[in-house]
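Let me begin by presenting the structure, written as structure tokens, before commenting on it.
The values are calculated or read from the model by the stated rules, or taken from the named source; none is laboratory data. Not measured: the values here are computed from a predicted model. Cβ: placed from backbone, ideal geometry, glycine included. Neighbour counts: every protein chain shown.
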Amino acid sequence: MTRNVLPSTEVPWRVGAVSIWNAGEHAQNQSKLQLLRSTKGEYLMLPARRVVVTGMGTVNPIGKSVNEFWENCCKGVSGVKVVSDFAIADSQSQIAGVVEDFDFWEYFPQNDLLGVDRSCIFALVAAKEALESAGLGESFLKSLSPGKCRLLMSTAAAQIASMEKDFLASLGDETLALHRPRATPGVVHFNATAKTLANQFGIPGECLTVTTGCTGALDAMGYAMDLIRLGKMDLAVVGGAEAPITPICMAAFSKIGATTSRNAEPQKASRPFDMGRDGFVLAEGSGMLVIEALDHALLRGAPIFAELGGYGSLNNFYHMTKMPENGLQLAQSARTAIEDAGISPDEIDSINAHGSSTPQNDIAEANAYWRLFQERTPTIPVTCIKSHIGHTLAASSAIEVIASIMSMRTGIVPPTINLVKQDSRCMLDVVADEPRRASVRCTLKTSSGFSGIHSSLVIRKFEHRN
């Protein structure tokens, strides 16, 4: 197989301005139609609104901005380290994807945000970058109708760091005050991060948190897409945030055998589709995106980074932590997303895989792609971002969507690191070791989670269509 490999020393990528179509030109009719009920109770066939990405932001173990993340991703950098902040000698896994040298006050120097959870801090910084790249200030957001702008967060572990701290303190000599001057968000509710972001940035509409686990951010995007297509909103700030590097959380994942035991070589531990994989690496971070209706984006002269084409999700009813090896339900969720985008599987030209680096699930994922793409499967480039940063749970799919968009914009597929000997049961064209040049116009992003959920998203390179 001929491969166009990009030398690792070449780093030509930055997020910058993109060409914007005349603001007076509205989105044209799509071939995909949606059903809306008229005031007379009759059904009318109207064109669905196109949904685009106009802002992106991330904080993760290899980058505190989109540009830094993308540059390190293409260089093959790993953000996995030995955890040294607390004792976890009894844990199977003692390594994690950690955000180091992170100064929150550099981003919010004048703000009274004392007491916020670490996951909330990541979300605040990622959302700030996403809103700034989208050209959205607080005054503009506050001017929007509350019904036309929403904030949709996702999390699997919520404010676990704050909750554990208070719980462990309650077991010792310290007595927790029932009425503290400022309540820790972690002991309040799962929606604390979403509420904090809405208050900080002046986002006026519905504020909610999707808690579907590891597919969370993808599911939040799917829900937002539906609302925009139906005309129920124009703009959404969407994403996920996690900070699960805590004693109890790491012990819990180790207890069920989900995480790696390759502690002696932390940067080589996350190895999707490799014969030596033995579990995922838990990680922290956030990915946030601004998505909106194309007509709304054009009218305000917004940068357009990509288009969200279609979404699909279903459950396999198989096992709490394992996937059926045949990959049937994941393939069905991907097919649903492709059909929702109004395209055929033949139009998918890259895959950003879930790639968790677990023995059984990687096989199931590979089988899902073979079910869907059949003989084309070995020709479609596949990349796995978790090989670089580990598994950021609900935030992972948001970070990976950002990587997919950067791949489209730069014509580069980033490498999957640590693929030494590919599992013969996972015969995919995994881009390994070095980034590869490729013309990417349509990417499939997949995600799977505990309890059997599978979600998929089709991301398209934005093109103005008459």
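Observations on the structure shown:
- The set of residues in the range 47-81 that are among the aliphatic types (A, V, I, L, M) and modelled with pLDDT of 95 or more comprises V51, V52, V53, M56, V59, I62, V66, V77, V80.
- When S84 is tested against (1) at pLDDT below 50; (2) more than 18 Å from S407 (Cα to Cα); (3) not in a strand (DSSP E or B), only condition (1) is not met.
- Filter result for the condition that a residue is in a helix (DSSP H, G or I), of a type in the set (G, A, S), in contact with a strand residue (DSSP E or B) (Cβ under 7 Å, 6 or more places away or on another chain) and crowded, with 24+ Cβ neighbours inside 10 Å, over A220, A241: A220
Here's the yes/no breakdown for (1) closer than 28 Å to L298 by Cβ; (2) of a type outside the set (G, A, S); (3) under 18 Å from the mean Cα position of the chain (by Cα):
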site: S404; (1), (2), (3): yes, no, yes
site: I417; (1), (2), (3): no, yes, no
site: Q422; (1), (2), (3): no, yes, no
site: S447; (1), (2), (3): no, no, yes
site: S456; (1), (2), (3): yes, no, yes
site: F462; (1), (2), (3): yes, yes, no
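- Residue match in the range 291-299 (condition: in a loop (DSSP other than H, G, I, E, B), under 30 Å from L141 (Cα atoms) and modelled with pLDDT of 95 or more): no
- Residue under evaluation S455, criteria (1) in a strand (DSSP E or B); (2) surrounded by fewer than 24 Cβ atoms within 10 Å (Cβ to Cβ), criterion not met: (2)
- Odd one out for S261, checked against (1) assigned to a loop (DSSP other than H, G, I, E, B); (2) touching a helix residue (DSSP H, G or I) at 6+ places or on another chain (Cβ under 6 Å): (2)
- Residue check, A236 outside any helix (DSSP H, G or I), touching a helix residue (DSSP H, G or I) at 6+ places or on another chain (Cβ under 8 Å) and small (G, A, S): yes
- Comparison of I343, I338 shows that the only residue that is among the β-branched types (V, I, T), in contact (Cβ under 8 Å) with a residue 60 or more places away in the chain and outside any helix (DSSP H, G or I) is I343.
- Residue match in the range 362-378 (condition: part of a helix (DSSP H, G or I), more than 19 Å from D429 (Cα to Cα), touching a Lys or Arg at 6+ places or on another chain (Cβ under 9 Å) and among the polar types (S, T, N, Q)): no
- Of all residues in the range 350-361, those that are on the phi > 0 side of the Ramachandran plot and surrounded by 24 or more Cβ atoms within 10 Å (Cβ to Cβ) have Cβ atoms under 9 Å from Cβ atoms of residues that are among the acidic types (D, E) and part of a loop (DSSP other than H, G, I, E, B), 6 or more apart or on another chain, in S357/D278.
- So W21, is it in a loop (DSSP other than H, G, I, E, B), more than 30 Å from V125 (Cβ to Cβ) and either among the hydrophobic types (A, V, I, L, M, F, W, C) or at pLDDT 95 or above (or both): yes
- Near pairs, Cβ below 7 angstrom, 6+ apart or cross-chain, from the range 126-147 (touching a residue at least 60 places away in the same chain (Cβ under 8 Å)) to any residue that is in a helix (DSSP H, G or I) and buried (at least 22 other Cβ atoms within 10 Å of the Cβ): A127/L197; E129/V66
- Test: residue in the range 375-391 that is closer than 30 Å to S65 by Cβ, of a type in the set (D, E, K, R) and surrounded by fewer than 23 Cβ atoms within 10 Å (Cβ to Cβ): no
- The set of residues from the range 205-233 being within 16 Å of G312 (Cβ to Cβ) and of a type outside the set (A, V, I, L, M, F, W, C) comprises T212, T215, G216, D219, G222, Y223, D226, R229.
- Residue, nearest to G213 (Cα to Cα), within the range 398-437, restricted to residues that are of a type in the set (G, A, S) and crowded, with 19+ Cβ neighbours inside 10 Å: A398
- Residue within the range 334-346 that is in contact with a Cys (Cβ under 7 Å, 6 or more places away or on another chain) and within 22 Å of G411 (Cβ to Cβ) present: yes
- Within the range 440-451, the set of residues being modelled with pLDDT under 95 and either hydroxyl-bearing (S, T, Y) or in contact with a Cys (Cβ under 6 Å, 6 or more places away or on another chain) (or both) comprises S448, G449, S451.
- Breaking point among (1) touching a strand residue (DSSP E or B) at 6+ places or on another chain (Cβ under 9 Å); (2) buried (at least 23 other Cβ atoms within 10 Å of the Cβ); (3) at pLDDT 95 or above, for Q267: (2)
- Residue in the range 301-311 that is in a strand (DSSP E or B), in contact with a Phe, Trp or Tyr (Cβ under 7 Å, 6 or more places away or on another chain) and of a type in the set (A, V, I, L, M) present: yes
- Within the option set E339, E347, E365, being surrounded by 22 or more Cβ atoms within 10 Å (Cβ to Cβ) and modelled with pLDDT of 95 or more holds for one residue only, E365.
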